[in-house]
Protein chains: 4
Amino acid sequence: SREVLTGKNREEPNILERFIQPCLVELLGSTLFLSIGCLSVLVNPHGAGPLLPALAHGLSLAVVISVLGNISGGHFNPAVTLSVVCCGGLTPILLVPYWTCQLSGGMLGALLAKGLADEESFLNHSGAACMVDGGTSVGKAVGVEIVFSFFLIFAVVMGAVGERSRTPLASYSIGLTVITGILAGGSISGSCLNPARALGPAVVSGYWDYHWVYWVGPASAAILVSLIYR
Amino acid sequence: SREVLTGKNREEPNILERFIQPCLVELLGSTLFLSIGCLSVLVNPHGAGPLLPALAHGLSLAVVISVLGNISGGHFNPAVTLSVVCCGGLTPILLVPYWTCQLSGGMLGALLAKGLADEESFLNHSGAACMVDGGTSVGKAVGVEIVFSFFLIFAVVMGAVGERSRTPLASYSIGLTVITGILAGGSISGSCLNPARALGPAVVSGYWDYHWVYWVGPASAAILVSLIYR
Amino acid sequence: SREVLTGKNREEPNILERFIQPCLVELLGSTLFLSIGCLSVLVNPHGAGPLLPALAHGLSLAVVISVLGNISGGHFNPAVTLSVVCCGGLTPILLVPYWTCQLSGGMLGALLAKGLADEESFLNHSGAACMVDGGTSVGKAVGVEIVFSFFLIFAVVMGAVGERSRTPLASYSIGLTVITGILAGGSISGSCLNPARALGPAVVSGYWDYHWVYWVGPASAAILVSLIYR
Amino acid sequence: SREVLTGKNREEPNILERFIQPCLVELLGSTLFLSIGCLSVLVNPHGAGPLLPALAHGLSLAVVISVLGNISGGHFNPAVTLSVVCCGGLTPILLVPYWTCQLSGGMLGALLAKGLADEESFLNHSGAACMVDGGTSVGKAVGVEIVFSFFLIFAVVMGAVGERSRTPLASYSIGLTVITGILAGGSISGSCLNPARALGPAVVSGYWDYHWVYWVGPASAAILVSLIYR
């Protein structure tokens, strides 16, 4: 209902508002954000560079955070949720439900992108799976994932956790970290920065090479941010 | 007069302020937004990709909403108006007048773009009409129109309807949904997302292939958003 | 001194604050904005499209308005000043001084750009002068100048004139109108939208073809906005 | 701890909060900002133009200022710190510590970028060192560095110094000055605008040609801004 979505009318929100709604919002936002992101990769011609995928990922993330952030916190990324829980910005009870919703959203988003793009694009881009560039050592790819996930999660924790420093501009700053991450690191590791972004296309396309990179990198960054913030 | 445009001076605004002015604003805003959008398509060289039209559509929409939104709500899109009326954000009396003004604005905008561009560009791009890509099935085009119209209308309803959650940043977020929609889906269905954007160039250029896609897609999305919001 | 630049400390500002400082600010801002704009045209390779000049003009205008707007109003454009005076947003006493400063700023900016770019680029681009595209009728060029100047000046008048509706975001919206104007109309008339932008490079490079277009277009738009606003 | 990072809880902050934390923040922010900037240059194909490096530098600077600015002021640039100290926005005691942290951050950032990029890119771009274009006279390069550093530092001093005029949008405006600077001047001097950005890659790659340009230009601009502001 309208009151639930837009406001803080009641002093003691019920279970629906405190637990179920945020999870549904994480599912919906992850599906939207990641379907747009995956589709932008599928339609990007080979050799066209990372500009369009960077804008599509970053700007759509900014919008979903801006629009849904005051219901769920606007994570849409398991590594972000891990760090926010560690920093005290979310009750630990919601950690696993959020992860489940985000990873399901990633798979739904990847499926949706597959359904919208033509088959040839899908095959040419391995279903928009995050890929370590052939000429790159795995170590560099892990490094890129750590550095830019750190930047992303750090912007979330500083800009959106804690009532006092939370501003409407935080959603835009978080989106910009993704844009810069893909512009600078996209050609090395794909600048995935998000296990849900990695898992969905991997499941849908069956491309699992170096898949662990996209879990270890963001998770390490999440723990690093939590240590610095504490 | 200045008071009418800038303020809420009087407790009981008269008919001019409540009905006529918002309609004129929708007409003016749709004309400006859609003439810029159509012209950006006409001048875009074939094969140049969707970046420039994406920016021209999205940024000009952000500006007209930002500048005119507090007079009319800043819809400039019949599907948006449908959803906002369903969600209680606009009196149903204004539904048909808004639609008339937006569709008229679309035709004026398409005419204006035709007048400003050279004839060859106009013919090469079928007058900037929204087109289903030749290699795409119609089903995928409808899917793209539904998904991205959903994203656009969802951002409007969450960000701009309801006094409490309305922020000046909503106009920018709404513009960004259009940018991401064209970047990711433009090569499939044109990412029209707006029946007024579709009708204007169709009338002016006589290009009507698959025209229903651009009404069914956004309208379905509008109903979907209303169901979720309620 | 610091108090003068940043604040409204005194109830009755003296002549320096009310008249001399705003003029100097218009001179400084026009010089900065127009030197960046001209230089971005000079370094843009032929055939590279209007994206980079569009961003350079629009974003630098957004910054100078954002940074200097609360001292002078942030016009940096004689057509804007004309319209703001007509709408009651500036005392008519300052009309001619503002114009003088803006046109001087345009010439200084064009000179600065000439000094920074290499000679070949300067000659290849006729010193970044606004040019009517060879394949375009002059009527279309005038049309583009009127439509996009209207959009720009309308955003200024609605977003920045009048204490109540003035917001920090107005500066960004105004900059975005210039970006969309150059993206959509740049290949037709150059989307100059500003007599100071036209005069400076014309004086410096001696290129005067169709120069009147860039005065008639913005001036007509300024009068049109004033009529609608009143 | 959380209180230290997010708030102004105590009336008399201790030495940690007033001196050590701002310096660490300058070190962290400079490292992040400059590693992203350098990496974006290393991965940019030759002949691809300045758009991607411009966005990567400008947007990442906007984010670090937005996220860290209320702890340290968000300089990440020795020339900015010089000017802010001259304008009274920072105690002179912190001048040398800030410089040390910024220059160290520049070196760490350049090292990080070297570690993440492949060796061939590193060698092809001289480690992302700021370079005077071969066809350009040194005088023009110095001019570019002065003009755009002036624009950058002016935006900082007007938008972020002084409690009253400081706004969250200042961080974005400052980032935009860097974007426009690189778009318009990048092909002439590299639009470094920051001695820390220049020193790091010079040390890491051993490329020192015309290195003084990137100290003299920004420093002159810093002094110029201070003179105008006072």
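The values are calculated or read from the model by the stated rules, or taken from the named source; none is laboratory data. Bear in mind that the values here come from a model prediction, so they are computed numbers and not experimental data. Neighbour counts run over all protein chains shown; Cβ positions are idealised from the backbone, glycine included.
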Return yes when D:Phe122 is touching a helix residue (DSSP H, G or I) at 6+ places or on another chain (Cβ under 8 Å), assigned to a loop (DSSP other than H, G, I, E, B) and within 14 Å of chain A (Cβ to nearest Cβ) and no when it is not. no
Which residue pairs have Cβ atoms under 9 Å apart, sit 6 or more places apart or on different chains, and have a first residue in segment A:120-138 that is farther than 16 Å from D:Ala117 by Cα and a second that is surrounded by fewer than 21 Cβ atoms within 10 Å (Cβ to Cβ) and at pLDDT below 90? A:Glu120/B:Gly135; A:Asn124/A:His46; A:His125/A:His46
Please verify whether D:Leu111 is away from chain C (no Cβ under 14 Å), touching a residue at least 40 places away in the same chain (Cβ under 8 Å) and either surrounded by fewer than 21 Cβ atoms within 10 Å (Cβ to Cβ) or under 30 Å from A:Asp133 (Cβ atoms) (or both), treating the condition exactly as stated. yes
Given the conditions (1) out of contact with any Pro (no Cβ under 6 Å at 6 or more places or on another chain); (2) surrounded by fewer than 24 Cβ atoms within 10 Å (Cβ to Cβ); (3) not hydroxyl-bearing (Ser, Thr, Tyr), and given that B:Ala198 satisfies all but one, which numbered condition is not satisfied? (2)
Sort out which residues of segment B:77-94 are buried (at least 22 other Cβ atoms within 10 Å of the Cβ) and outside any loop (DSSP other than H, G, I, E, B), and write them in order of number. B:Pro78, B:Ala79, B:Val80, B:Thr81, B:Leu82, B:Ser83, B:Val84
Taking the condition at pLDDT 95 or above and touching a Pro at 6+ places or on another chain (Cβ under 8 Å), does B:Leu95 pass? no
Lone qualifier among B:Leu169, B:Leu183, B:Leu193 - being on the phi > 0 side of the Ramachandran plot and of a type in the set (A, V, I, L, M, F, W, C): B:Leu193
Matching residues in segment B:125-140 - criterion: being assigned to a helix (DSSP H, G or I), of a type outside the set (A, V, I, L, M, F, W, C) and within 16 Å of B:Gly185 (Cα to Cα): B:Gly139, B:Lys140
Give A:Ser66, A:Ser72 a once-over and let me know the one that is within 14 Å of chain B (Cβ to nearest Cβ), modelled with pLDDT under 95 and touching an Asp or Glu at 6+ places or on another chain (Cβ under 8 Å). A:Ser72
Segment D:152-230: helices (runs of 4 or more DSSP H) wholly inside it with 2 or more residues that are under 15 Å from the mean Cα position of the chain (by Cα) and away from every other protein chain (no Cβ under 14 Å) are D:195-205, D:213-229
In segment B:26-39, anything surrounded by fewer than 24 Cβ atoms within 10 Å (Cβ to Cβ) and touching a helix residue (DSSP H, G or I) at 6+ places or on another chain (Cβ under 6 Å) is listed as B:Leu27
Tell me whether segment A:97-112 contains one or more residues that are closer than 25 Å to A:Leu169 by Cα and either of a type in the set (Val, Ile, Thr) or more than 13 Å from the chain's Cα centre (by Cα) (or both). no
Given (1) touching a residue at least 40 places away in the same chain (Cβ under 8 Å); (2) touching a helix residue (DSSP H, G or I) at 6+ places or on another chain (Cβ under 6 Å); (3) of a type outside the set (Lys, Arg); (4) within 11 Å of chain C (Cβ to nearest Cβ), B:Cys101 misses just (4)
Filter result for the condition that a residue is at pLDDT 95 or above and closer than 23 Å to C:Ala221 by Cα, over C:Ser30, C:Ser35: C:Ser30
Listed by first then second residue, the pairs whose first member lies in segment D:47-61 and is more than 7 Å from chain A (Cβ to nearest Cβ), whose partner is basic (Lys, Arg) and buried (at least 24 other Cβ atoms within 10 Å of the Cβ), with beta carbons under 9 Å and at least 6 positions apart or on separate chains, are D:His57/D:Arg197
Given (1) without any contact (Cβ under 8 Å) to a residue 24 or more places away in the chain; (2) more than 8 Å from chain D (Cβ to nearest Cβ); (3) under 30 Å from D:Ala48 (Cα atoms), where does A:Val96 come up short, assuming only one miss? (3)
For segment A:125-140, name all the residues that are within 14 Å of chain B (Cβ to nearest Cβ) and of a type in the set (A, V, I, L, M). A:Ala128
Restrict the check to segment A:134-142 and report whether at least one residue is among the basic types (Lys, Arg) and under 30 Å from B:Ser171 (Cβ atoms). no
Are any residues in segment B:55-78 of a type in the set (A, V, I, L, M, F, W, C) and over 13 Å from the mean Cα position of the chain (by Cα), and if so, which ones? B:Leu55, B:Val67, B:Leu68, B:Ile71
Can you spot a residue in segment A:159-175 that is under 27 Å from A:Trp208 (Cβ atoms) and of a type outside the set (A, V, I, L, M, F, W, C)? no
